[in-house]
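Engineer: Just passing along the structure, written as structure tokens.
The values are calculated or read from the model by the stated rules, or taken from the named source; none is laboratory data. All figures in this text were calculated on a predicted structure; none of them were measured in a lab. Glycine also receives a Cβ, built like all others from the backbone with ideal geometry; neighbour counts cover every protein chain displayed. Ligands, DNA and RNA are excluded from the accessible area calculation, which covers all protein heavy atoms including side chains. Shrake-Rupley method; radii C 1.70, N 1.55, O 1.52, S 1.80 Å.
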Amino acid sequence: MANKGFDKETFKKSVVDNVKNLYRRTIDEATPNQVFQAVAYAVKDVIIDEWIATHKEYEKKDVKTVYYLSMEFLMGRALGNNIINIRARQEVREALDELGFDLNVIEDQEPDAALGNGGLGRLAACFLDSLATLGYPAYGCGIRYHYGMFKQKIENGYQVEVPDNWLKDGNPFEVRRSEYATEVRFGGYVRTVWENGREHFVQEGYQSVMAVPYDLPIVGYGNNVVNTLRIWDAQPINTFNLDSFDKGDYQKAVEQENLAKTICDVLYPNDNHYAGKELRLKQQYFFISASVQRAVSKYMEKHDDIRKFYEKNAFQLNDTHPTVAVAELMRILLDDYNLTWEEAWDVTTKTCAYTNHTIMAEALEKWPIELFSRLLPRIYQIVEEINRRFIIEIQQKYPGNQEKIAKMAIIYDGQVKMAHMAIAGSFSVNGVARLHTEILEKQELKDFYEMMPQKFNNKTNGITQRRFLLHANPLLADWITDKIGDEWITDLSAISKLKLYVDDEKCQHEFMNIKYQNKVRLAKYIKEHNGIDVDPRSIFDVQVKRLHEYKRQLMNILHVMYLYNQLKDNPNLDMVPRTFIFGAKAAAGYKRAKLTIKLINSVADVINNDKSINGKLKVVFIEDYRVSNAEIIFAAADVSEQISTASKEASGTGNMKFMLNGALTVGTMDGANVEIVEEVGAENAFIFGTSSDDIIRMEHDHSYDPMQIFNNDQDIRRVLMQLINGYYAPYDPELFRDIYNSLLNTLSSDRADTYFILKDFRMYADAQKRVDEAYRDEQWWAKAAMLNTACSGKFSSDRTIEEYVRDIWHLDKVKVEL
Ligand code: CJB
């Protein structure tokens, strides 16, 4: 499907002109980076008319809009994706060819927009792609961090964080919308005044910053729809007045200026972990206040009854991070529009919906009252009133039951509990995979579920096939289109038509040959970036995701150590050569995660340099795992490692990207793995491990004792001893003591082996043995790999978005004609 309106000659001229205007150079003098900028502006020229047309259409139809409120949007690169979605990839490639440039090289110039940590941020990015492609009116609202997710360098095996100055050459796709700049207020105090027989609340002595929006186009696939990701930046409100000799003013002016300078500085690099930093709460209120104010103003430009706001607007809260939106909307309705509490609450609770992404206790946001009320005095008053009324509701439902109040109150124990506020203030609460939603209902949020079951629902996550197959794996994408047509691009369920071909030997060969070529591409990347030679004929066994103990990268590397021991004992061991590939960033302050990276690299050093094992084992740690190199990695994987402790991974989305690209899952029955196995069949995956029910039970009854396993299993004991006898760190035998202790010693953590690694180890090793055996049967493997791709239809974010629309947002599709 080519874009009929796209004119190659006009485009070439536009690129040449852009190079001239931007850099005062002719095209033959331009650097690849300058050509990238010029091409991006030329593509933006094409997009911009559709962008304008889309918003005209939205206004004309007076559509209902969803605001996806998120601290994170992990967009990755825009150019390649935009070219694909305007369906001009072939033409742009030819145009650049004719100008003497290679599109791949030009695409490689673009820095990733890494405004997110991991799954939660990438999900938001996939959702925006699907919303635009399906033609639904939507804004993403977030923060224009000046520094995104840090860049990871590996030095001497250790992670080193390098600032990600992604805006240093400018961002060609963004548009600064200063006309929508709006003030956001922090601190001060609230004065009560009586006016017209009613209390009014006036915030005074506050500091404010100007929030300025930057819009990024979100291009739908081949439908002329261009939605908007609006990220807010901060600017000082009035330029600093040096004449001001009033000491108070001077102090305040400096502070205001500093606030504006720091608020959007940097993304907090924590995944599934809440650090409780004051600046983080400022960031949350900053972008929420700006987004909500703008949504309300926009609505009031065309409507006169604010009481019907929810008929045209939905706010989706991406985890608890944007929950202050509940109170901010209340504030605007009460203070600016003079609604009664009941009216304002009615509007708010018909507008807001909340998605829970984790049950990890350390991720729960609880702000100390002192901090919250000092920073947001008016908002805190409103939260107190929400809490007061919510407690009354609890009491009405459960008279005399103090325990319920202790467990469910929004303000309790000196803290503001954001999840509780999100649930109380929303009409919908959803988990992100079936098992996760069940655990929310039966365990984590049981009390809330029992009190308001109608709010709870599941929305199993998804991914966009446009980025993770069409863009990331062009060979496979073309092959699929060749076989079954291109319907799958906008309707992934159509990919099931591939099932017709899974027994066809020729197709099996073609499919595996494409996999091989993708492995060659990755091997080349690894050689260039790591200096390690890997054999593309070996099994590429991949675990890429954030580093977290619950994701159990440690179990993976312990298993590698175990295999290496076997090989050392028996160099003739019959095993299919395997390349274990890791990629993971650890939060900068997460010591044990960082030590795990060092362990992986130390094991890699020993194994990769041991000639005696004949290259049967290789270990690679890919530096700076991010969206752009993920695209290369998924396409090249044979085995997908999804080995979290059951119940801990809410959904996972990497698991879906691997499946789509024909990798087989080695995994626990956790998160969306359960549904993946349901679609592809347990016989086409390698499932192992303790069930979530058993994990949860052992967490409660404390019956699990890893020391017993250590004492009874020689292979495990040998591996663990190698952590403390200098086998992988001869210069510092104590280096990995903390990891050893975390598995065995109750003193180092509340519970030894918190994530049941030793418990699952044997089952994991068995599953890996089955992989080894299965891979030898080429036909079987090819068929299973193809079935994984063919059965991945459910996991498109298009499906997920249709469910959000049907059950929560109730939007209408819009058609845009040019
Ligand atoms: N998730 O990435 C994050 N960060 C958090 O703070 C909490 C959860 C992840 O969200 C993904 C999208 O829903 C899930 O697939 C993943 O399991 C979860 O860990």
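Engineer: Would you check if there is a residue in the stretch 613-633 being under 18 Å from the mean Cα position of the chain (by Cα), hydroxyl-bearing (Ser, Thr, Tyr) and more than 27 Å from residue 361 (Cβ to Cβ)?
Structural biologist: Looking through the stretch 613-633, at least one residue is under 18 Å from the mean Cα position of the chain (by Cα), hydroxyl-bearing (Ser, Thr, Tyr) and more than 27 Å from residue 361 (Cβ to Cβ).
Engineer: Restricting to the stretch 766-797, what's the tally of residues that are assigned to a helix (DSSP H, G or I) and either on the phi > 0 side of the Ramachandran plot or open to solvent by 10 Å² or more (accessible area, probe 1.4 Å) (or both)?
Structural biologist: 15
Engineer: Can residue 532 be described as assigned to a loop (DSSP other than H, G, I, E, B) and in the same structural domain as residue 688 (by TED's automatic domain parsing)?
Structural biologist: So residue 532 fits the description; yes.
Engineer: If you don't mind, another one. Only one residue in 93, 87 is more than 15 Å from the ligand (Cβ to nearest atom), surrounded by fewer than 21 Cβ atoms within 10 Å (Cβ to Cβ), of a type in the set (Lys, Arg) and in a helix (DSSP H, G or I), so which one is that?
Structural biologist: 93
Engineer: Another question, if that's okay. In the stretch 148-163, is there at least one residue being within 19 Å of residue 229 (Cβ to Cβ), in the same structural domain as residue 73 (by TED's automatic domain parsing), open to solvent by less than 10 Å² (accessible area, probe 1.4 Å) and in a strand (DSSP E or B)?
Structural biologist: no
Engineer: While we're on this one: Kindly state which helices (runs of 4 or more DSSP H) lie completely within the stretch 618-681 and contain at least 1 residues that are within 11 Å of the ligand (Cβ to nearest atom).
Structural biologist: Because the criterion is at least 1 residues that are within 11 Å of the ligand (Cβ to nearest atom), the helices (runs of 4 or more DSSP H) in the stretch 618-681 that meet it are 654-660, 673-680.
Engineer: Give me the pairs, please: first residue somewhere in the stretch 651-673 and of a type in the set (D, E, K, R), second residue anywhere and within 13 Å of the ligand (Cβ to nearest atom) and not in a loop (DSSP other than H, G, I, E, B), beta-carbon distance under 6 Å, and either six or more positions apart or on two chains.
Structural biologist: 657/463
Engineer: Which one is nearest to residue 552 (Cα to Cα) among residues in the stretch 618-651 that are touching a strand residue (DSSP E or B) at 6+ places or on another chain (Cβ under 8 Å) and open to solvent by 20 Å² or more (accessible area, probe 1.4 Å)?
Structural biologist: Once the filter is applied, the top-ranked residue is 649.
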